Structure formats: structure tokens, C-alpha cells
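The values are calculated or read from the model by the stated rules, or taken from the named source; none is laboratory data. It should be emphasised that the depicted structure is a prediction, and the values quoted were computed from it without experimental measurement. Cβ: placed from backbone, ideal geometry, glycine included. Neighbour counts: every protein chain shown.
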Amino acid sequence: MNFEHSGKVKALQARLTAFMEQHVYPAEKQFAAEMDAARRAGNPWQPAPVMEQLKDKARAADLWNLFLPAHEGEGGLTNLEYAPLCAIMGRSAIGAEPFNCSAPDTGNMETLLRYGSEAQKREWLAPLLDGKIRSAFAMTEPAVASSDATNIEARIERDGDHYVINARKWWTSGANDPRCKILVFMGKTDPEGANRHQRQSMVLVPLDTPGVTVLRHLPVFGYDDAPHGHAEVLFENVRVPVTNVLLGEGRGFEIAQGRLGPGRIHHCMRLIGRAERALEAMCQRTTQRTAFGRRIADQGVTRERIANARILIDQARFLVLHAAWKMDEVGNKAARKEIAMIKVAAPAMACQVIDWAIQAHGGGGVSDDFGLARAYASARTIRLADGPDEVHRNAIAKMELAAYL
């Protein structure tokens with residue numbers, strides 16, 4: 001593949017970088033202050049005013065819905081084209097939402113775009129694309145090892161023209177957000193089916209449907225991630241029309257494969273952007289601080305870590321770009337090994353680079369003053385999100401061994 005970005009992508013990179021420098025980075029402290037004020041007032045689950053201002057500016061700058069793929073002859077960006085833009089947004093903890101490019105909305109919007117009916121698109125995709133509402137993805141369950149999605153126990157039972165849903169889900173990202181109006185829900189419509197990968201279906205569940213209860217928010221290493229957050233959600237005899245099913249009964253795994261592939265690319269490129277910023281912070285800090293009569297940057301161990309950080313970041317970047325290119329060329333299914341590889345490599349890289357940056361900042365690194373502790377919590381979480389490392393390594397090994405067995 002050719003790693004040279006097209007003229008279109010270079011132009012978008014320049015515009016996006018300028019927007020981040022002019023608007024997003026300066027807004028980080030204001031966003032944190034607004035959320036802290038909301039917590040002190042007793043309700044952090046409300047949009048930050050500065051974020052809404054950033055969205056207005058991004059829309060006016062025509063930097064909106066950049067994630068949208070080329071689909072059925074319509075314009076959009078390929079995975080390879082979007083990947084470097086995602087890395088720029090990933091440099092900031094608040095960098096994706098201003099452009100309507102944050103998870104899980106991007107994955108849900110792509111799901112609706114590819115698999116939704118025209119009625120479903122009108123009702124839910126249009127307001128999501130417009131940024132008027134947000135969404136959540138309800139898949140993981142506390143009662144089973146959800147790394148094996150066939151374990152999922154959620155029931156979706158047909159009753160005339162409706163489905164009746166009973167389940168307990170958790171790590172349903174975004175369900176705490178008052179802007180969240182729709183859930184993409186995965187459960188079993190045919191629990192005894194012969195093919196275990198055709199037992200599952202996905203249905204759309206409006207959050208205000210009777211029987212849907214957001215039980216609690218789930219902090220990550222103490223961070224509540226408000227106003228977005230992660231929730232445990234109870235579904236008790238929830239009734240939705242059968243027209244809310246996506247693609248058809250038994251197609252849940254098929255949809256998941258189409259949804260999670262691009263999502264993993266997005267996660268990995270955002271982590272590369274965050275690791276780049278951590279490396280920059282490490283270089284700045286170590287050239288400005290002196291210990292034992294020498295700049296910290298002059299210490300051999302510091303230089304070794306800086307060099308290794310650069311190597312690790314670029315290794316991960318090229319691996320992700322190759323996976324994105326292969327997805328574009330041969331499809332998500334044929335690129336599943338490359339997708340699994342980046343899902344292991346990028347979070348591990350980011351955790352290591354951010355950890356070195358924390359060490360270089362001393363006690364300040366584990367505070368909230370430099371954003372590194374929060375960045376580490378986020379990177380460490382991605383080693384579990386969209387499938388844990390162990391599952392991806394097992395899949396990679398099986399594909400490698402297939403030629404020998």
C-alpha cells in the first residue's frame with residue numbers, strides 16, 4: 001500500500017489541526033471546569049455549554065460527520081482516509097465529540113446507514129447525524145463472560161407485532177447522557193438455534209420505552225466520564241415493534257462484524273493521537289526540569305524511553321493504516337486478522353507511552369493537572385472494549401495456525 005495521504009486528506013488534516021489548536025485545546029480546561037461545577041451542583045449528567053459551542057463552530061467550518069464512509073455511491077471517506085483524521089481528534093479527551101465523531105454514536109450511525117430500514121433512518125439516523133440526539137450500544141452483560149458473545153442471555157421474544165425484551169446490560173456507554181434517545185440492543189431471538197452465530201439479533205430500543213431503567217453509572221478508575229458515562233441498564237418486559245429489528249432476526253453477529261471493524265480502527269487511531277500528545281508532554285517536561293544537576297532529558301533512561309515511544313507509536317500507526325487499507329480493499333471479514341492485530345497493539349502501545357509520560361511528570365503525572373492519568377484510564381479500558389486482548393490474540397493465532405493444521 002501507499003502510505004502517502006491524498007490531497008483531500010492532507011487538506012482535511014490541515015483544517016482539522018488548525019481547528020483543534022484554535023478551539024479544542026483551549027476549551028479543555030473550560031470543559032473540565034464546567035463538568036466539575038455540574039458535579040458540585042449534584043448533576044454531572046448534562047451537556048457542557050462549551051461542547052455545544054464547539055459543535056456549532058465545527059459545523060460552521062464544515063468539519064462535521066467526518067467519519068461517514070463512502071456508501072452506495074455516496075460521498076464519504078474510506079477507512080484509510082479517515083484514520084489520520086481520527087488520530088488528530090484523538091489527541092484530546094474532548095476531541096471527537098465537537099465533530100460528531102465520538103463513540104458509540106459513530107458505530108451506531110454506521111450501523112443504521114448500512115443495515116437500517118428507510119423508516120429507521122428517518123427516525124433515528126437523521127437526528128444523530130444532525131447532532132440533535134445521542135445513542136448507546138447495549139451488548140455486554142454482567143452475568144456472563146461477554147467476551148464470548150454467544151454467552152449473552154438477553155431475550156428478545158416475539159409477541160404478535162412486538163418483541164418483548166428482558167435483560168440486564170452494563171458498560172452501555174452513553175446511556176447516562178440526557179441526550180441519549182436510542183439504544184442498539186443485542187440479544188437472542190432463537191436461543192436454541194443450531195447455528196450459535198444466528199441466535200442473536202439487534203433491535204432498536206428507545207430509551208424512554210417503559211421497562212427500561214438506567215440503574216447506575218459505572219466509573220472507570222474513578223472517572224465518571226460525564227456527561228457521557230457508562231451505565232448498567234435493566235430491561236423488564238420492554239415492548240418494541242418488530243419493525244425495530246435491524247436487518248432481520250438472526251443477523252446480530254453479521255451486523256456486529258460490520259459495526260465493530262471500523263470502530264476498532266477509530267479506537268486505535270484515537271489512541272495513537274493520544275500517545276503522540278503524551279510523548280510531546282514527556283519531551284517538554286524532561287527538557288524543562290532538572291534533577292541531580294542535569295536536565296531529566298539528558299538522563300539515559302529518559303532518552304531510551306523517548307526513543308522507544310517514537311518506535312512504538314509509529315509501529316502502531318503503520319499497522320493501523322495497513323488494516324484500514326485492507327478493510328477498504330477486501331472488506332472487514334477478509335481483514336479480520338489485521339483488525340485483531342491493531343486492537344491488541346494500539347492500546348498496549350498507548351498504555352506504555354502514557355505510563356512513561358506519567359513517570360516523567362513525577363507526582364504531577366498521577367494528578368489531573370496534566371490529563372495523563374485520565375488518558376491512561378481511557379487507554380487501559382480499550383484493552384477490554386470491543387473484545388479483550390485475549391480474544392483477539394486467540395483469533396490471530398487460529399488464523400496463523402490454519403495453514404499448518
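Whenever a residue of the stretch 30-50 is of a type in the set (A, V, I, L, M), its partners that are assigned to a helix (DSSP H, G or I) and modelled with pLDDT of 95 or more, lying with C-beta atoms within less than 7 angstrom and at least six residues away or across chains, give the pairs 48/31; 48/34; 48/35; 50/27; 50/30; 50/31; 50/34.
Can you find even one residue in the stretch 336-347 that is in the same structural domain as residue 397 (by TED's automatic domain parsing) and surrounded by fewer than 13 Cβ atoms within 10 Å (Cβ to Cβ)?
Taking the stretch 336-347 first, the residues in the same structural domain as residue 397 (by TED's automatic domain parsing) are 336-347.
Next cut, surrounded by fewer than 13 Cβ atoms within 10 Å (Cβ to Cβ) only: none.
No: the stretch 336-347 contains no residue that is in the same structural domain as residue 397 (by TED's automatic domain parsing) and surrounded by fewer than 13 Cβ atoms within 10 Å (Cβ to Cβ).
Suppose we keep only residues that are β-branched (Val, Ile, Thr) and either closer than 22 Å to residue 340 by Cα or surrounded by 21 or more Cβ atoms within 10 Å (Cβ to Cβ) (or both) within the stretch 241-267. Which one would you say is modelled with the lowest pLDDT? This residue is 265. Checked against the criterion of being crowded, with 20+ Cβ neighbours inside 10 Å, assigned to a helix (DSSP H, G or I) and free of Cβ contacts under 8 Å to residues at least 12 places away in the same chain, the stretch 305-316 contains not a single residue that satisfies it. If only residues of the stretch 349-365 that are of a type in the set (Gly, Ala, Ser) and under 19 Å from residue 91 (Cβ atoms) are counted, the one that is surrounded by the fewest Cβ atoms within 10 Å (Cβ to Cβ) is 365. With a requirement of 2 or more residues that are within 30 Å of residue 350 (Cα to Cα) and at pLDDT 95 or above, the strands (runs of 3 or more DSSP E) lying completely within the stretch 73-191 that satisfy it span 134-138, 162-173, 180-188.
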